[in-house]
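Comments concern the structure below.
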Amino acid sequence: MVTRVPEVLLRHRIRIEPYLADTAYGPTYGPAIEAVPALVDPSPRMAWAPD
């Protein structure tokens with residue numbers, strides 16, 4: 001279930017850069033889209049992937 005968070009609680013601003021492709025020098029990203037409100041958790045966490 002997805003709930004909407006009130007924008008007043010989203011105190012951080014993030015920029016989204018679209019992924020374009022992998023090149024010989026690493027991944028390339030497109031120009032940043034406008035800054036959007038977000039809530040960022042500063043504590044690091046371990047991410048698990050099936051691979």
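Give me the percent of accessible area attributable to carbon and sulfur for the chain, probe 1.4 angstrom. Roughly 60 percent of what the probe reaches on the chain is carbon or sulfur.
Under the combined filter of DSSP loop state and at most 11 neighbouring Cβ atoms within 10 Å, the chain retains these chymotrypsin sites (Phe, Trp or Tyr not before Pro): 25, 48. Taken per residue, the accessible surface of the chain reaches 102 Å², heavy atoms only and a 1.4 Å probe.
With the contact rule set at Cα under 8 Å and sequence spacing of 6 or more, what percent relative contact order holds for the chain?
So the answer I get is 35 percent.
Candidates 42, 19, 8 compared by Cα position along the dipole of the chain: farthest toward the positive end lies 8, with charges placed on Cβ. Between residue 49 and residue 15, the contour length at 0.36 nm per residue exceeds the Cα-Cα span by 9.8 nm. Here are a few candidate values for Rg/Rh (Cα atoms, Kirkwood Rh): [x] 1.28; [y] 1.07; [z] 1.32. Which one was actually calculated from the structure I just gave you? Among [x] 1.28; [y] 1.07; [z] 1.32, the one derived from this structure is [y].
The values are calculated or read from the model by the stated rules, or taken from the named source; none is laboratory data. On a predicted model such as this, the values are computed, not experimentally measured, just so you know. Note that each Cβ is placed from the backbone with ideal geometry, even for glycine, and that neighbours are counted across all protein chains shown. Ligands, DNA and RNA are excluded from the accessible area calculation, which covers all protein heavy atoms including side chains. Shrake-Rupley method; radii C 1.70, N 1.55, O 1.52, S 1.80 Å.
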